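The values are calculated or read from the model by the stated rules, or taken from the named source; none is laboratory data. This one's a predicted model, so the numbers in the text were calculated from it and none came from an experiment. Cβ: placed from backbone, ideal geometry, glycine included. Neighbour counts: every protein chain shown. These area figures cover heavy atoms from the full protein model, side chains too; ligands, DNA and RNA do not enter into them. Shrake-Rupley method; radii C 1.70, N 1.55, O 1.52, S 1.80 Å.
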Amino acid sequence: MRAAHRAFPGPEGEVATWRRALVGGTSAWLLSRLLVTTVAVATQWGATGSLLGGKPFVDLLSRWDSSHFAAIARDGYAPDSTDVAFFPGYPMIARAVASVLALWSADPVPVALAAVAAVGGVVATVLTWRVVEVGSGVRAAEVATALFVFGPYAVFLHASYAESCFAAAALGAWYAATRERWLAAGLLSALAGTVRPNGLFLLAALGVLYVVRRRAAGRRIVAWPAVGLATGVLGWTGYTTYLWALTGRWDAWTRAQEFGWGRRTQAPWDTFRDTLQNVLHHRLLSARPQFLLDVVFAALLVAAVVYFLVRRSWAEAVFVGLTAVSLMTSSTYVSLARNTLPLFPVWAALGSASTRHTTGRRVALVVLVVGVALCVANTHQFTLGRWAD
């Protein structure tokens with residue numbers, strides 16, 4: 001993704017590109033939503049004989065972690081609860097929305113969670129188009145956006161999960177950075193840091209982008225814009241400080257990860273070994289193919305980092321690389337594949353490559369076809385409450 005090295009359009013071109021991003025991005029998200037909803041409804045019909053399985057529509061894509069987000073949105077955090085493993089940005093925004101919806105609904109939290117996730121998904125998709133078009137052109141934006149909304153784990157772009165909100169904030173921060181609006185980039189990075197811990201990896205990547213751009217322009221690195229960007233640390237530090245005040249422990253988040261989900265940091269070879277054990281012997285049969293996909297996606301992440309390093313795309317390499325390292329040194333690769341959804345530099349690179357040469361177009365087509373197939377399969381699994389990473 002080379003947005004940092006391109007000239008930006010004038011005022012009229014700016015309006016035109018934003019219009020294309022709004023129309024193209026929103027249309028792509030709606031098509032993705034239609035696909036995911038159709039698969040989910042068909043799955044429920046086949047399993048229960050009812051289109052919605054006897055549940056409200058907003059609960060159609062509410063499974064697994066959604067219950068934790070709902071509990072946080074309703075009641076906040078308890079000192080002894082493993083719910084502190086979930087960052088507060090998404091459920092707290094939903095809580096604010098629910099307080100308004102409570103005027104019309106007896107149970108507004110599920111509706112609020114679904115609505116916030118949907119808005120986050122639309123914003124993330126529009127910004128994907130915008131960032132890629134400015135950097136690589138309209139055709140690349142079309143391809144990258146399609147790969148994003150029809151990717152293997154695109155169901156989590158629509159489910160009551162935090163992925164869409166994180167992607168929206170992260171893309172907003174990245175776009176602001178490419179415009180050298182460093183305070184805005186920092187604040188949006190801080191927002192991303194309240195949604196997922198990956199916000200720290202985003203901030204590190206933005207720091208690299210800042211240094212690269214300042215050096216290329218012959219400007220001092222130690223300057224006031226750096227202070228603006230540094231506000232990005234407030235999201236993660238704010239939540240960590242809150243947990244310390246709540247529990248009396250600075251490591252409350254890591255302890256919740258370990259006690260609630262068995263997550264701990266270990267050597268990457270141990271993580272690989274333990275993941276293979278889950279591929280072969282996990283007690284849930286539906287989890288075994290997902291762990292196999294996690295192994296495949298881990299290899300693809302490594303390949304993506306190498307690609308960015310070869311192309312000297314340092315900021316992209318840092319964002320994807322730090323994400324890969326954190327996931328590949330956990331107890332297993334669990335959720336690794338799902339965490340590729342908001343890694344927008346990968347989709348942008350595939351979109352850009354599709355406009356440069358035949359191989360890039362073929363790779364993008366294969367990724368799209370496989371992505372749609374896996375999206376359908378994962379939506380089916382997720383709707384039934386089975387393991388979907």
**OP:** Taking only segment 316-333 into account, find how many residues are of a type in the set (Val, Ile, Thr) and touching a residue at least 60 places away in the same chain (Cβ under 8 Å).
**Re:** 4
Original post:
Out of segment 1-17, which residues are in contact with a helix residue (DSSP H, G or I) (Cβ under 7 Å, 6 or more places away or on another chain) and at pLDDT 80 or above?
Top reply: Thr17
Original post:
In segment 89-140, which residues are of a type in the set (D, E, K, R) and not in a helix (DSSP H, G or I)?
Top reply: Asp107
**OP:** Would you check if there is a residue in segment 245-267 being over 19 Å from Arg196 (Cα atoms), surrounded by 17 or more Cβ atoms within 10 Å (Cβ to Cβ) and not basic (Lys, Arg)?
**Re:** yes
Subject >> Check on Gly76, in contact (Cβ under 8 Å) with a residue 40 or more places away in the chain and closer than 30 Å to Thr237 by Cα >> reply: no
Original post:
Looking at (1) farther than 30 Å from Gln44 by Cα; (2) surrounded by fewer than 23 Cβ atoms within 10 Å (Cβ to Cβ), which is the only condition Ala348 fails?
Top reply: (2)
**OP:** Could you please find all residues in segment 141-174 being part of a helix (DSSP H, G or I) and not hydrophobic (A, V, I, L, M, F, W, C)?
**Re:** Glu142, Thr145, Glu163, Ser164, Gly172
**OP:** List every residue pair whose Cβ atoms lie under 8 Å apart, where the two residues are 6 or more positions apart in sequence or sit on different chains, the first residue falls within segment 40-58 and is of a type in the set (Phe, Trp, Tyr), and the second residue, located anywhere, is at pLDDT below 95.
**Re:** Trp45/Leu51
**OP:** Name every residue in segment 371-389 that is among the aliphatic types (A, V, I, L, M), more than 19 Å from the chain's Cα centre (by Cα) and modelled with pLDDT of 95 or more, in order of residue number.
**Re:** Ala373, Ala377
**OP:** Could you tell me which of the residues Arg139, Arg181, Arg130, Arg213 is among the charged types (D, E, K, R) and crowded, with 23+ Cβ neighbours inside 10 Å?
**Re:** Arg130
Original post:
Out of all the residues in segment 302-319, is one or more open to solvent by less than 20 Å² (accessible area, probe 1.4 Å) and assigned to a loop (DSSP other than H, G, I, E, B)?
Top reply: yes
Original post:
When you go through (1) at pLDDT 95 or above; (2) under 15 Å from Val376 (Cα atoms); (3) open to solvent by 60 Å² or more (accessible area, probe 1.4 Å) one by one for Gly46, which number turns out not to apply?
Top reply: (1)
Original post:
Any idea which of Asp107, Asp59 is among the acidic types (Asp, Glu), within 23 Å of the chain's Cα centre (by Cα), surrounded by fewer than 23 Cβ atoms within 10 Å (Cβ to Cβ) and at pLDDT below 95?
Top reply: Asp59
Subject >> Odd one out for Leu61 among (1) under 28 Å from Leu368 (Cα atoms); (2) in contact with a Phe, Trp or Tyr (Cβ under 8 Å, 6 or more places away or on another chain); (3) not in a loop (DSSP other than H, G, I, E, B) >> reply: (3)
